[in-house]
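*Asks:* Sharing a structure with you now.
The values are calculated or read from the model by the stated rules, or taken from the named source; none is laboratory data. Everything quoted here is computed from the prediction, not taken from an experiment. Here the Cβ positions follow ideal geometry from the backbone for every residue, glycine too, while neighbour counts run over all protein chains shown. Quick note on the areas: whole protein, heavy atoms, side chains included, nothing else; ligands and nucleic acids left out. Shrake-Rupley method; radii C 1.70, N 1.55, O 1.52, S 1.80 Å.
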Amino acid sequence: MLDLARLRALHAVSVHGSVAAAAAALGYTPSAVSQQIAKLERETRTTLLERRGRGVALTEEARHLAATAQELLAIVERAETTLEERRGLPGGLLTVAAFASAARGLLPGVLAELALRHPALDVRLTEVDPHLSVDLVARGVTDLAVAHDWDIAPLPAPEGVDQARIGEERCDLVVPAGHPFARRPVVRREDLGGQRWVCQPPGMVCHDWLVRTLRDAGCEPEVVHVAEENHTLVALVAAGLGVAVIPRLGTGPLPPGAVAVPLEPAPVRRLYALWRTGAARRPAITETVRTLRAHWPPPGVGEATALLRP
C-alpha cells in the first residue's frame, strides 16, 4: 500500500521542480521531503529522483507516479470536502498562496480573524507570484490563491478553477518630493514621457503595463532601476532616482522624500480568490473568501491619495 504523504511529497517535487521548493510549499524541511521520497523508492523498488547538476530530476516512472498521485489527492480532497460540508464548520488544513503585497497588507488580518473564529481551521500561507499561484491551485498543490490582474492582462481561470473578486485598488504615480509632478493634483498618462523609471522586471504585470501605456502615448520608457519588491521601488524613488507606478496595497506609508500623485485615467488592479471547483462547497473555502472580502479594503488602500503623502 502506497503511503499518501509520500505520494504528496513526490507530487510537490514534480510541481515545484526541486526538493527545496516542494519542502517550502508543504511546510517541511528539505531533509523531510527527501526522506519521504527515499521511503517511496524503497516501497516501489523504483528510482524516482536522479541527480542533475546541483538539483534533481524526476525519472519517467516518477512522472507517471506523480500523475497518479494528483488523481488520488483530488479524490482525498473530495472526501474531505464532503465530511467538512456535513459538519457545517470550517476545519482541517487550508493552504493559501498570495502575492507579496497581499501577503503583507491583507492576509495578516484575515488569518488572525479566521484563527479566532474557527480554531479547528489551520490556515497556512505561502507568498507566491500571482501567475504561479493559479497553476498551483489547478494542480492541487494549494487550496486557495489570492491573485490579481490589470486591465491589460485579465487573470485566466483554467478549467476546474473557480474565482471570486475580492475588490479593486488604484495605482498611483510615486515621485520624489522635489519632482515637478509632486505639486500636481493629478498627472495624465500622456504627460509621463521623458521620465526615468524604477520598475519591476520584464514579464511582471506592472512592467508590462508601463511599457504598453507609454508606447501608446508615443514614447519609450527609460527604465533605469529594476526591483521586484514595491518597498524597494519606493525607496529608490525617495532617493530621487526615478518615478514609479505602484498599487496602493504595495505602497504603505511613504518615507520622507516620496509623494504619491493620482494618475488619470487611474490604473486599476483587481484582486481575486481562486480555488478548485471540486472544493467549492468546503466551508473553509467559503468562510475564507467571505473574510477576505470583509477585510477589503485594508487601511490605506481606500483612502484619498493625499493621505499617503508625508
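*Asks:* Just a yes or no: is a residue in segment 48-67 in a helix (DSSP H, G or I), under 25 Å from the mean Cα position of the chain (by Cα) and among the aliphatic types (A, V, I, L, M)?
*Replies:* Yes: segment 48-67 contains one or more residues that are in a helix (DSSP H, G or I), under 25 Å from the mean Cα position of the chain (by Cα) and among the aliphatic types (A, V, I, L, M).
*Asks:* Filter segment 41-61 for residues that are of a type in the set (Gly, Ala, Ser) and under 16 Å from Val15 (Cα atoms) and give the result.
*Replies:* Within segment 41-61, Gly55, Ala57 meet the criteria.
*Asks:* Oh, and also: Got at least one residue in segment 121-132 being more than 30 Å from Leu233 (Cα to Cα) and either of a type in the set (Val, Ile, Thr) or free of Cβ contacts under 8 Å to residues at least 40 places away in the same chain (or both)?
*Replies:* Looking through segment 121-132, at least one residue is more than 30 Å from Leu233 (Cα to Cα) and either of a type in the set (Val, Ile, Thr) or free of Cβ contacts under 8 Å to residues at least 40 places away in the same chain (or both).
*Asks:* Going by what's in this entry, would Glu77 be described as more than 30 Å from Glu169 (Cβ to Cβ) and either in contact (Cβ under 8 Å) with a residue 24 or more places away in the chain or among the β-branched types (Val, Ile, Thr) (or both)?
*Replies:* Yes; evaluated as a whole, the condition is true for this residue.
*Asks:* Report, by residue number, each residue of segment 151-173 that is part of a strand (DSSP E or B), open to solvent by 30 Å² or more (accessible area, probe 1.4 Å) and more than 21 Å from Thr213 (Cα to Cα).
*Replies:* Across segment 151-173, the qualifying residues are Asp162, Gln163, Arg165.
*Asks:* Please state which of the following conditions Pro180 fails to meet, knowing it meets all the rest: (1) open to solvent by less than 80 Å² (accessible area, probe 1.4 Å); (2) over 11 Å from Leu263 (Cβ atoms).
*Replies:* (1)
*Asks:* Can I ask one more? Considering Gln36, Gln70, which residue is surrounded by 12 or more Cβ atoms within 10 Å (Cβ to Cβ), out of contact with any strand residue (DSSP E or B) (no Cβ under 8 Å at 6 or more places or on another chain), of a type outside the set (Gly, Ala, Ser) and without any contact (Cβ under 8 Å) to a residue 40 or more places away in the chain?
*Replies:* Of Gln36, Gln70, the one residue that is surrounded by 12 or more Cβ atoms within 10 Å (Cβ to Cβ), out of contact with any strand residue (DSSP E or B) (no Cβ under 8 Å at 6 or more places or on another chain), of a type outside the set (Gly, Ala, Ser) and without any contact (Cβ under 8 Å) to a residue 40 or more places away in the chain is Gln36.
*Asks:* Within segment 39-63, which residues are open to solvent by less than 70 Å² (accessible area, probe 1.4 Å), free of Cβ contacts under 8 Å to residues at least 12 places away in the same chain and of a type outside the set (D, E, K, R)?
*Replies:* Result: Ala57, single match.
*Asks:* Please give the number of the condition Ala244 fails out of (1) more than 21 Å from Glu169 (Cβ to Cβ); (2) touching a helix residue (DSSP H, G or I) at 6+ places or on another chain (Cβ under 8 Å).
*Replies:* Single failed check for Ala244: (1).
*Asks:* Right, here's the next one. Any idea which of (1) touching a strand residue (DSSP E or B) at 6+ places or on another chain (Cβ under 8 Å); (2) under 19 Å from Gly140 (Cα atoms) is the one Leu49 doesn't satisfy?
*Replies:* The single condition Leu49 does not satisfy is (2).
*Asks:* Tell me which residues, restricted to segment 97-125, are part of a helix (DSSP H, G or I), open to solvent by 30 Å² or more (accessible area, probe 1.4 Å), of a type in the set (A, V, I, L, M, F, W, C) and within 17 Å of Pro283 (Cβ to Cβ).
*Replies:* Of everything in segment 97-125, those that are part of a helix (DSSP H, G or I), open to solvent by 30 Å² or more (accessible area, probe 1.4 Å), of a type in the set (A, V, I, L, M, F, W, C) and within 17 Å of Pro283 (Cβ to Cβ) turn out to be Leu111, Ala115, Leu116.
*Asks:* Which condition breaks for Glu287 when tested against (1) out of contact with any Leu (no Cβ under 6 Å at 6 or more places or on another chain); (2) buried (at least 16 other Cβ atoms within 10 Å of the Cβ); (3) not in a helix (DSSP H, G or I)?
*Replies:* Among (1) out of contact with any Leu (no Cβ under 6 Å at 6 or more places or on another chain); (2) buried (at least 16 other Cβ atoms within 10 Å of the Cβ); (3) not in a helix (DSSP H, G or I), Glu287 violates only (3).
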